[in-house]
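The values are calculated or read from the model by the stated rules, or taken from the named source; none is laboratory data. Since the model is a prediction, treat every value here as computed from it, not as a measurement. A quick note on method: Cβ atoms are made from the backbone with ideal geometry, for glycine too, and the neighbour counts reach across all protein chains shown.
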Number of protein chains: 2
Amino acid sequence: MIFHTFTEQNLRQFTERVFLKMGCPAADAQLAADVLLKSDLRGIDSHGVARLSGYVRLWEKERINATPNVRVVHETPTTATVDGDAGLGLVVAPFAMKVAIEKAKVYGSGWVSVKNSNHFGIAGYHALMAVEQDMIGVSMTNASPLVAPTYANERLLGTNPMCYAFPAGKYPPVVVDMATAAAANGKLEIAQRANLPIPEGWVQDKDGNTSTNPHQLKDGGSLLPLGSDKDHGSHKGYGLSATVDILSAVLSGANYGPWVPPFVAFLEPSANPVGQGIGHFFGAMRIDGFRPAADFKDHLDNWIERFQSAKTIKEGQKVVIPGEPEYAFEQERRVQGIPIIDVVVNDLNELAEKLGIEGLA
Amino acid sequence: MIFHTFTEQNLRQFTERVFLKMGCPAADAQLAADVLLKSDLRGIDSHGVARLSGYVRLWEKERINATPNVRVVHETPTTATVDGDAGLGLVVAPFAMKVAIEKAKVYGSGWVSVKNSNHFGIAGYHALMAVEQDMIGVSMTNASPLVAPTYANERLLGTNPMCYAFPAGKYPPVVVDMATAAAANGKLEIAQRANLPIPEGWVQDKDGNTSTNPHQLKDGGSLLPLGSDKDHGSHKGYGLSATVDILSAVLSGANYGPWVPPFVAFLEPSANPVGQGIGHFFGAMRIDGFRPAADFKDHLDNWIERFQSAKTIKEGQKVVIPGEPEYAFEQERRVQGIPIIDVVVNDLNELAEKLGIEGLA
């Protein structure tokens, strides 16, 4: 595999050019690029600029609206439903999180469910918006159906991620940002490209048998929920995924379960949708709504130090604090640049040519 | 194994007698009994009257205060911290959930973190209090350290359950109520009593190797997080457990991580606590803060029907809706009575004798 390294600035400008060419207003293009860049900076390569072509294809099919009228359609002092008007999730999600944060500033907490949206990038971006305000951030989304609930032999749920982010004192924020499937689809794609076997418990084949063949997912199989099988708690992973689906879509009026529109343009959305677009859910809670923020941060620092110094199974190993590896990536890549795999570079340059914009240097 | 079956009323009266004898005010004794009975009714036998002797032993050691001054010590319109004054979690938790519900009635949502509490029974009881008000209920608690985070060879987290409950229309509420460990301690105790091997991935031994011997937990081993190992996402189970710990204790000022006081009276709490007692976290959100409750319930009914009718791997199998089995138990046991295993019956009758109260018939 060959990687090309780009500066953050270079990739950011390219990404903005793409969104501008789609017709996004300048502020939206800037925001959407910021969300994608954050993913590449944090080492989550599957959710960054690698997805740009996919967004463009959905826009070409008129499934993404470049100039949406994103708005609150229902609210109380601390809750709201946002209609994303089929906009980029990369724009709709920060809008909704801002609504949650503004409510939290006044009333202590804010909770927003979103309908009629699209793929929102990494959940962590949105949750971290709250952390910057000394709040706890919550961010979830449903996603195209790929996961079979326990006992099922069909795909009824997405990898539906859940994210909780907490501000610390001297340490980076604690960010729990996780797909509720045993393995995210990105991990499977790596094994598919390399044609390597995967651990049992990630996928089942078309007959519902666990399989180590990564290609089974594309051959009628399904991803498995976190826990993998009933003995190991797959009903819990299924329960978490269901929770994300209900908070994101049943609550807002988006599509849920098997009706969630596919992220890829070559698959058509359901002809009989049960709602509008895909759904998200966001929350923000002021730390000082519970105790002084400095006390919370002191104790979270102490929590982090205790876990970091835990006795480990192997010498030299360390317990990883959630969000710590992504933070380390971000520090490194801001300075040293962002490596992009050559197939993605080629794809982006073809995209540039098609759109008639300047490619990646 | 021999079971004796008791009517709900019979067990409830016995349980109230025990709490009254401990010195609990009548309303508290009634409430605490209601929480325990709900567990036995819902088929979660490990968290019901089987724990009564344990509560009494903690009270004898003055670690449970039978006449606590439970109160809000910090708040905003939609957030609060409650000090449980070392009371029974069975009393403190419903108090805190009521605070969350009252805030939600006025402002749309309410969130309460609790310190200085004790074991609160099943998480589902408290979350279901919100469901009765057409709200979404959230309930979490930290717990005595038994679980090793990914890579660790020590117990730093409890089985820290997370619960989300949603009101449906024609169906019972959807209740996701789950320990964030691969298997709850109760399942392990069953295997220990029967001297049967357990699946790999539930526990590791004192050297950090996965083990099928259920006794390893008592021999320096640890429970494993949901996901079991790194390949299958144990870092996600660890992240969820960390989330529960931070929301319940770092946010409220309770003990967290390895400092959480043990639930058993024969183990002493840390001599250098980092907070007070154990911690909980509760939330309530009005459904009609997002969309009309009737619309939500119609769609949740549709969600339930779609999942119940899913294609399954084996014929005759069905996808289980979270909370459905517990609801079925409750309907059955309200009519046919509650079976209690003989060792528990004997334990309860010895307790009655010690306390000088009427035993179980």
>> Based on this model, can you work out whether B:Tyr171 counts as outside any strand (DSSP E or B) and either within 28 Å of B:Tyr107 (Cβ to Cβ) or in contact with a strand residue (DSSP E or B) (Cβ under 7 Å, 6 or more places away or on another chain) (or both)?
In response: no
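Here is a check on your reading of the model: is B:Gly43 within 20 Å of B:Phe329 (Cα to Cα) and either over 21 Å from the mean Cα position of the chain (by Cα) or of a type in the set (Gly, Ala, Ser) (or both)?
Working: within 20 Å of B:Phe329 (Cα to Cα): yes; either over 21 Å from the mean Cα position of the chain (by Cα) or of a type in the set (Gly, Ala, Ser) (or both): yes.
Answer is yes for this residue.
So that you can scan it fast, the table gives a plain yes or no per residue for (1) without any contact (Cβ under 8 Å) to a residue 40 or more places away in the chain; (2) in a loop (DSSP other than H, G, I, E, B); (3) within 11 Å of chain A (Cβ to nearest Cβ):
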position	(1), (2), (3)
B:His215	yes, no, no
B:Ser241	no, no, yes
B:Ile246	yes, no, yes
B:Ala254	no, yes, yes
B:Pro262	no, yes, no
B:Ala265	no, yes, no
B:Pro269	no, yes, no
B:Phe281	no, no, yes
> Is there a residue being among the β-branched types (Val, Ile, Thr), modelled with pLDDT of 95 or more, closer than 30 Å to A:Thr78 by Cβ and not in a helix (DSSP H, G or I) anywhere in segment B:305-325?
Replying inline: yes
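Any residue at all in segment A:138-154 that's closer than 25 Å to A:Asp295 by Cα and among the aliphatic types (A, V, I, L, M)?
Taking segment A:138-154 as the starting set, the residues that turn out to be closer than 25 Å to A:Asp295 by Cα are A:138-139.
The next check asks that each one be among the aliphatic types (A, V, I, L, M); those that pass are A:138.
Yes, there is a match, as at least one residue in segment A:138-154 is closer than 25 Å to A:Asp295 by Cα and among the aliphatic types (A, V, I, L, M).
Tell me, yes or no, whether segment B:59-69 has at least one residue that is assigned by TED's automatic domain parsing to the domain that holds B:Ala284, of a type in the set (Lys, Arg) and surrounded by fewer than 22 Cβ atoms within 10 Å (Cβ to Cβ). Working first, answer last.
So the first thing to find is which residues in segment B:59-69 are assigned by TED's automatic domain parsing to the domain that holds B:Ala284, and the list is B:59-69.
Then keep just the ones that are of a type in the set (Lys, Arg); that gives B:61, B:63.
Okay, now just the ones that are also surrounded by fewer than 22 Cβ atoms within 10 Å (Cβ to Cβ), so B:61, B:63.
Yes, there is a match, as at least one residue in segment B:59-69 is assigned by TED's automatic domain parsing to the domain that holds B:Ala284, of a type in the set (Lys, Arg) and surrounded by fewer than 22 Cβ atoms within 10 Å (Cβ to Cβ).
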>> Checking A:Lys187 against (1) surrounded by fewer than 22 Cβ atoms within 10 Å (Cβ to Cβ); (2) more than 11 Å from chain B (Cβ to nearest Cβ); (3) outside any loop (DSSP other than H, G, I, E, B): exactly one of these is not met. Which one?
In response: (2)
>> Residues to consider are A:Ala93, A:Ala143, A:Ala100; find the one that is assigned to a loop (DSSP other than H, G, I, E, B), surrounded by 24 or more Cβ atoms within 10 Å (Cβ to Cβ) and among the aliphatic types (A, V, I, L, M).
In response: A:Ala143
> From the residues in segment A:1-23 that are part of a helix (DSSP H, G or I) and hydrophobic (A, V, I, L, M, F, W, C), which one is surrounded by the fewest Cβ atoms within 10 Å (Cβ to Cβ)?
Replying inline: A:Leu20
>> Please go through segment A:218-237 and give me each residue that is under 19 Å from A:Lys187 (Cβ atoms) and either crowded, with 24+ Cβ neighbours inside 10 Å or modelled with pLDDT of 95 or more (or both), ordered by number.
In response: A:Gly221, A:Ser222, A:Leu223, A:Leu224, A:Pro225, A:Leu226, A:Gly227, A:Ser228, A:Asp229, A:His232, A:Ser234, A:Gly237
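Tally the residues that are at pLDDT below 95 and more than 11 Å from chain B (Cβ to nearest Cβ), restricting the search to segment A:156-184.
Taking segment A:156-184 and keeping what is at pLDDT below 95, we get A:183-184.
Still in the running and more than 11 Å from chain B (Cβ to nearest Cβ): none.
Count: 0.
Quick one: how many residues across segment B:59-90 are in a strand (DSSP E or B) and touching a Ser or Thr at 6+ places or on another chain (Cβ under 8 Å)? It would help to see each step written out before you state the result.
Applying the first criterion (in a strand (DSSP E or B)) to segment B:59-90 yields B:71-75, B:79-83.
Of the ones still in play, those that are also touching a Ser or Thr at 6+ places or on another chain (Cβ under 8 Å) are B:72-75, B:79-82.
The qualifying residues number 8.
Which residue out of B:Arg291, B:Arg286, B:Arg306 is facing chain A (nearest Cβ under 9 Å), under 23 Å from A:Val147 (Cβ atoms) and over 22 Å from the mean Cα position of the chain (by Cα)?
Details: B:Arg291 fails: under 23 Å from A:Val147 (Cβ atoms); B:Arg286 fails: under 23 Å from A:Val147 (Cβ atoms).
Checking each option against the conditions leaves just B:Arg306.
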